[in-house]
Amino acid sequence: MNGTRVLVLNSGSSSLKYQLLDMADGSRLASGLVERIGEGPVADHTAALSKVSEELAAQGLGLDSPELAAVGHRVVHGGTRFTEPTLITDEVVAEIEKLVPLAPLHNPANITGIKVARELRPDLPQVAVFDTAFHSTMPESAARYAIDTEVADAHGVRRYGFHGTSHAYVSRATAELLGKDLAEVNTIVLHLGNGASASAVRGGVCVDTSMGLTPLEGLVMGTRSGDLDPAVVFHLARVGGLSTDEIDALLNKRSGLIGLCGDNDMREITRRMDEGDEAARLAFEVYIHRLRKYIGAYTAVLGRVDAIAFTAGVGENAAHVREAALRDLSALGIVVDGERNAVRGGSARLISADDSRVAVAVVPTDEELEIANEAYALVNA
Ligand code: ADP
């Protein structure tokens, strides 16, 4: 057969992240980031991918290598059309283009990355892996908003969920950590990065998640509000005189932690709290309150919770966030061990007490590895 390497590309509007993985042993051969595309020497995504290609060639890992089996592309929005990793064809690109209205900032950049990579290696299988796909198993009761069905269907208004590759990877890794079959384990996954989302996963199948039509719904995030009364939007328009674009920017870029206290980095918020800063304290408390609400909600959704897994920048590193999120929940069978929680470490680990009915874990996420795995599995199917 052909090679065992997969190049993973994550194209943003002004950046291109890449990783080259060898699926024979899961090792990472190279990784990097091209930033400020369109601003200076890197004129566009074509130039950015040429740069990536040069960087790889300089390490003897050129894109012309027969070792390369596939390119895996992260695509943010798959709508209801894409529920699985998909081999990219002209038709698939056209379908992803149709989904641009649902993800106007992300999908165009993803499509550009796909087009450029296909021009460079037209012979190579290229696979789209969608952020929404893992959540496509949500029942209609969780996926529907309670609005007029005709209006909703006419405009694709429903809950899609995001961070799907991370929730898929972490729920599987949690079952492995527990030494149990994925099918037997019910897990609440808390992906707490700059963007943040929770999901309820029953036996490896997602049954609910906190992000919705867009990544704005749900938890308090670095710069996004998460849940709010939709009437806040009308109020800001009618009474505040803000335009639709201004409200969009307010809720996506100047809300969440940064809106509440001026900082979106949990490390800085913690430092300020330690100095007695009241705004930082309030931001932290709002963040934790929302998180606890989702933990309670997903406990009820799942009925029986076997594990709670923390992941991403905040979830993996901020012990005090984990502690505050699960404090005094022994009535739900959740007991965190303070010493275990305080240990820092790079690998998946348990932080629950021995007498905790629910296992609590810290599980580093690896979206690139998950994308590579899914792409590789598809081309070898
Ligand atoms: P993204 O959503 O951009 O992928 P990450 O998952 O990398 O984000 O998370 C980034 C966030 O993680 C930072 O904004 C910061 O709040 C938080 N973070 C990173 N390292 C630490 C740390 N050591 N302690 C607390 N928070 C951290």
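Observations, loosely collected:
- Taking packing as the residue-averaged number of other Cβ atoms within 10 angstrom, the listed peptides 229-241, 99-111 run from highest to lowest as 99-111, 229-241.
- Stretch gain in nm, segment Ala279-Thr80, where the contour uses 0.36 nm per residue and the Cα spacing is subtracted: 67.6 nm
- Entry note, the chain: the mean residue ellipticity at 222 nm calculated from DSSP H runs of n ≥ 4, each adding -39500 (n - 2.57), is -12000 deg cm²/dmol after division by the residues and rounding to the nearest 500.
- Phi to ³J(HN,Hα) by Karplus 6.51 cos²θ - 1.76 cosθ + 1.60 over segment 119-136, Hz, x for Gly, Pro: 5, 5, 9, x, 7, 8, x, 10, 10, 8, 10, 9, 4, 8, 4, 4, 8, 5
- Positive-end ranking of Gly113, Gly32, Ser166 along the dipole of the chain, with charges on Cβ about the Cα centre, is headed by Ser166.
- Unit charges at the beta carbon, dipole of segment 284-381: most positive-side option, Leu350, Ser330, Ala375: Ser330
- Sorted on the mean count of surrounding Cβ atoms within 10 Å across their residues, most packed first, peptides 341-347, 122-128 read 122-128, 341-347.
- Acute angle (nearest 10 degrees) that the helix 45-58 long axis makes with the longest principal axis of the chain, alpha-carbon atoms: 80 degrees
- Extent along the principal axes, Cα only, for the chain: 57, 54, 46 Å, with the longest axis given first.
- Using only alpha-carbon positions in segment 153-197, the gyration tensor eigenvalues give semi-axes of 26, 14, 7 Å once each is multiplied by 5 and square-rooted (largest first).
- Contour minus Cα-Cα distance for Val93 and Asp153 (0.36 nm per residue): 19.3 nm
- Under the simplified labelling scheme, the Asp245-Asp265 pair shows an inter-label distance of 3.0 nm, with each label point 7 Å from Cα along Cα→Cβ.
- Only the Cβ atoms of Lys and Arg (+1) and of Asp and Glu (-1) were treated as charged; on that basis the dipole of segment 119-233 about its Cα centre amounts to roughly 280 debye.
- Shape of segment 233-381, Cα gyration tensor, a/c cut at 1.5: oblate
- Whole-angstrom gap from segment 26-78 to segment 364-379, using each part's C-alpha centre: 16 Å
- Degrees between helix 367-379 axis and first principal axis of the chain (Cα, 0 to 90, nearest 10): 50 degrees
- For the chain, built as a Gaussian network whose Cα springs stay under 10 Å, the top-fluctuating residue of Asp245, Asp355, Asp337: Asp245
- Derived scalar couplings between HN and Hα for segment 67-80 equal 5, 6, 9, 6, 10, x, 9, 6, 10, 5, 10, x, x, 8 Hz in order, rounded to whole Hz, by the Karplus curve 6.51 cos²θ - 1.76 cosθ + 1.60 (θ = phi - 60°), x for Gly and Pro.
- Listed by chain and number, the lysines whose C-alpha is less than 27 Å from the C-alpha of Lys253, apart from same-chain residues fewer than 8 away, are Lys17, Lys98, Lys293.
- Distance-filtered residues of segment 357-380 - backbone nitrogen under 19 Å, label point 7 angstrom along Arg349 Cα→Cβ: 359-366
- Taking the centroid of alpha carbons for each part, segment 107-169 and segment 262-276 are 34 Å apart.
- Once the Cα-Cα distance is subtracted from the 0.36 nm per residue extended length, the Asp229 to His320 segment shows a gain of 29.9 nm.
- On Cα atoms only, tilt of 164-178 relative to the major axis of the chain in degrees: 70 degrees
FYI, it's all coordinate maths here, none of it is from the lab. All of these numbers come straight from a predicted model, not from anything done at the bench. Every residue, glycine among them, receives a Cβ derived from its backbone with ideal geometry; neighbour counts consider all protein chains shown.
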